[in-house]
Structure formats: structure tokens, C-alpha cells
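Each value in this text was obtained by applying a stated rule to the coordinates, not by laboratory testing. Model, not experiment: these values are computed from the prediction. Counting neighbours? That spans all protein chains shown, and the Cβs are built from the backbone with ideal geometry, glycine included.
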Amino acid sequence: MKKILFSLFFALFAINLAHAAAHTDPPGDDSITQLLVLQEVDKAPLQVIAQLDELTTATVRQMTQGHWFQSDAEKAAIKTFQEKSLAVRAELEDRLNFDKLKPQYIKLYRDHFTQEEVDQLIALYQTPAGQLLAAKMPAVSQESSNLLQQNVTPLFARMRQAANEMKQQIDAAHAK
């Protein structure tokens, strides 16, 4: 009887270990790639590039505001800025190329998810709700980031002001 109980216990223990190992296996490249495609990660750089384009246009508009007749020097400065902006845009497109970033994404996902979790996320993103999530989350994330930045920026400005005041006080103390 003891041998049967020991064998049963050992079998259950071995099954439990195998089950635990299966739930902690790192995800494979193919499944992570499938998840990245379902999450539309490859489209995120397009949003960053669009933001850069908007920033470039807004900067030129702001700098030339009220100048109906621009001098040759102003036109040259605007042209130089636009050329530099195009060079930055080209470099950004190159750096954010999905195929170049894919190995880094795979490592990132492997560091944070198990194969089981990736499989569950793939199942989610294959549903209409998951597709909706993939389509809308980039905008929600961007707006959330903007919201946080709007609330934090004034505080950082206050901290910079306090640091500047401290430096002035220290400089004044050293000057005595």
C-alpha cells in the first residue's frame, strides 16, 4: 500500500512540476511576432512620424507668424530647418523600422511574458474586442501621456526654479 501511495504521490508531483514548467516557459519568437502584429506594434512608428511632421509644420507656422513678406535670410533659415527636419524624419523612419526593432520587442516580451500569457494575449487580440483594443490603445496611451505631462510639467518647472534659487544662494554664500 505504501508503494502505491508513494508512486501516486510521485506521479502527481511529476505532473505538477511539468505543469508548472509549461506555465513558465519563455515564449517563442513566432508567437511573440504574431502578438506584435495583432497589437499593431508595427504601426506605432507611423504615429511618431506623424507627430514629428505636425511639430515641423507648427514650428514653421509659429516662427513665420505675422511675416507676410519674408526676407531672403528668413526664407533660407526656413529652408534649412525644413531640410534638417526631413533628415531627422528619415533617420526616425530608419530607427523605428519594425524589422529592426523586432528583435528588441521579442526580448522585451520574452522578459515579461510566459508562453501561456502570450497565447492568452493572442487569443484576446484575435477577438473583436482585442482588435478594438489594438486600434484604440495607441491614441489612448498618447493622450494619457499628454495628460500626465500637462500635470507634471508645471511641477518640474517649479523644481527647476527652486534648484536655480538654491544655486544662487550657494553662489552668494561662496562669494562672501
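What the table below lists for this structure:
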{"read-out": "Set of lysines with alpha-carbon distance to LYS167 below 30 Å, sequence-local pairs under 8 removed", "value": "LYS176"}
{"read-out": "Cα gyration tensor, region 83-136 - rounded (a/c under 1.5), prolate or oblate", "value": "oblate"}
{"read-out": "Net charge, ALA50 excluded, C-beta distance under 13 Å - Lys, Arg +1, Asp, Glu -1", "value": "-1"}
{"read-out": "Whole-number D in µm² s⁻¹ for region 53-176, Kirkwood Cα-pair radius fed into Stokes-Einstein, 25 °C, 0.890 mPa s", "value": "120 µm²/s"}
{"read-out": "Cβ-derived FRET efficiency at R0 30 Å, HIS174 paired with ALA50, nearest 0.05", "value": "0.05"}
{"read-out": "Extension gain, ALA123 back to ASP72 (0.36 nm per residue minus Cα-Cα distance, nm)", "value": "12.4 nm"}
{"read-out": "THR114/ASN146 FRET efficiency (R0 25 Å; Cβ-Cβ; nearest 0.05)", "value": "0.15"}
{"read-out": "Separation between Cα centres of region 103-176 and region 37-61, rounded to whole Å", "value": "17 Å"}
{"read-out": "Virtual spin-label span in nm between GLU83 and VAL60, 7 Å along Cα→Cβ", "value": "1.4 nm"}
